[in-house]
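A short worksheet on the structure shown next.
The values are calculated or read from the model by the stated rules, or taken from the named source; none is laboratory data. Remember, it's a predicted structure, so these values are computed and weren't measured experimentally. Every residue, glycine as well, gets a Cβ built from its backbone with ideal geometry; the counts of neighbours run over all protein chains shown. We work out accessible area using only protein heavy atoms, side chains counted, and drop any ligands, DNA or RNA first. Shrake-Rupley method; radii C 1.70, N 1.55, O 1.52, S 1.80 Å.
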Amino acid sequence: MRVLVTGASGFLGSHICEVLKSKGYEVVGASRRIGYLEELKGISWEKLDITDELSLFSFSFEEYDAVIHNAGLTFTRREEKYFRINHLGTRFLVKRLEEIGFEGPVIYISSLAVHGPGEASEEDLVVSPIVPYGVSKYMGELEVRSSKLNWVVLRPPVIFGERDKALVTVYKIFSSGWVLDWRPQKMLSVVYAGNVAEAVAFLLEVRPYGEVFLIQDATLSWQDFALKIQRMLNVPSRRYLPLRNWHVSLVKSVVSLLGRFLRLPVDKHKLKEIEADAWVVASDKIERYGYKRRFEFDEALSRTLRWCKSKGYL
Ligand SMILES: NC(=O)c1ccc[n+]([C@@H]2O[C@H](COP(=O)([O-])OP(=O)(O)OC[C@H]3O[C@@H](n4cnc5c(N)ncnc54)[C@H](OP(=O)(O)O)[C@@H]3O)[C@@H](O)[C@H]2O)c1
């Protein structure tokens, strides 16, 4: 079976390709940058820009049995880019697949950001995204869900794992022994990229068309996350960083004034997400369909930290 994975050059896409390849699928990765990842030597590549209708028009989607639409933009300071890639790019792709009468499964990688903060317990109920990224992912979702395609939507929360650079700064802060002493009740769900990829393989096999799924490996507070990482790295957790709300307001002001010039990987929208009390997945629908996670949280986290060390990040 020939599977096309969009966004294969990125963090999650590379895991999806690796897992599908290991399960015997013929995998083709599609993105604008192609073929540079050492880990993905065994897969073929096609150049594709999902925002370019001409590029989509000349792409041979007929040659594929399934499409994993994972390409997306997770951070930019130019809001319109979220909508161009996550919404319009998805619309163009869906339109092209409909035009050729594509009948295979189309799995769309959405995000918990679609729900907005709080406890996400029901996949199909009202959503309230609070940042442009979440809105653009929801608009992309709607393109898929209102199409004639045989679709499945997967909404992961924060994803961690090898080849992710976004969380490296967080691991670095924790590895120095600091623990944030700030609203300890704040909870977040996380999921390992390898497990999201396993879930994609599961959905490809089971094909629960027309369904939306959430997924998570663990739900914990930032403090527990820090303590766990410090235990795994054998770092004594002695330094608590007492944060008060006015510190947070100060950081917000600095970020909005200087973030662009200092090229910080956060902006006012990311801070809004970080500030929210909970980003929690409270649904086991995917497990009820028969999905079983392959890597337990501790093992997944220790694999990730080992990778960070091997790359000299920690
Ligand atoms: N990371 C998370 O915590 C997280 C959580 C929930 C959901 N997600 C979703 O998971 C997916 C992958 O995220 P990620 O963290 O792996 O991001 P990433 O590392 O930045 O990868 C994004 C991928 O999308 C591709 N892409 C971007 N614009 C494109 C375009 N115009 N045409 C074709 N490909 C394009 C990029 O390839 P090129 O730049 O080479 O084109 C890259 O391969 C996204 O849809 C994201 O919304 C991520």
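Compute the orientation-averaged projected area for the range 80-156 from the convex hull of its Cα atoms and round it to one decimal in nm².
Value for the range 80-156: 4.9 nm².
Rg of the Cα atoms in the range 164-314, relative to 2.2 N^0.38 Å, amounts to 1.18. Take the alpha carbon gyration tensor of the range 26-81, find the square roots of its eigenvalues, order them as a ≥ b ≥ c, and report rounded if a/c is under 1.5; if not, report prolate when a/b exceeds b/c, else oblate. The shape class here is oblate. Highest-first packing order for the peptide set 18-24, 88-94 is 88-94, 18-24, based on the mean count of other beta carbon atoms within 10 Å. Of all lysines in the structure, the ones whose alpha carbon falls short of 17 Å from that of K292, not counting any fewer than 8 places away in one chain, are K23.
Out of the total accessible area of the range 1-127 (probe 1.4 Å, heavy atoms of protein only), what percent is carbon and sulfur? Roughly 48 percent, rounded to a whole number.
Within the chain, which whole H helices from DSSP have a Cα span along their axis of at least 27 Å and a mean Kyte-Doolittle hydropathy of -1.0 or more, if any?
Details: long enough: none.
None pass (Cα extent of 27 Å or more, hydropathy at least -1.0).
Any idea what log10 I(q)/I(0) is at q = 0.15 Å⁻¹ for the range 27-156, Debye with uniform C-alpha scatterers and no solvent? Summing over Cα pairs of the range 27-156 leads to -0.74. Per residue, the accessible area of the chain comes to 47 Å², computed with a 1.4 Å probe over protein heavy atoms only. The DSSP beta bridges internal to the chain are antiparallel in roughly 10% of cases. Taking every alpha-carbon pair within the chain, the share separated by more than 24 Å comes to 54 percent.
Please compute the net charge surrounding G104, taking Lys and Arg as +1 and Asp and Glu as -1 over other residues with Cβ under 15 Å from its Cβ. Net charge in that neighbourhood comes out at -4. With a Förster radius of 45 Å applied to the C-beta separation of I130 and R2, the computed FRET efficiency comes to 0.70.
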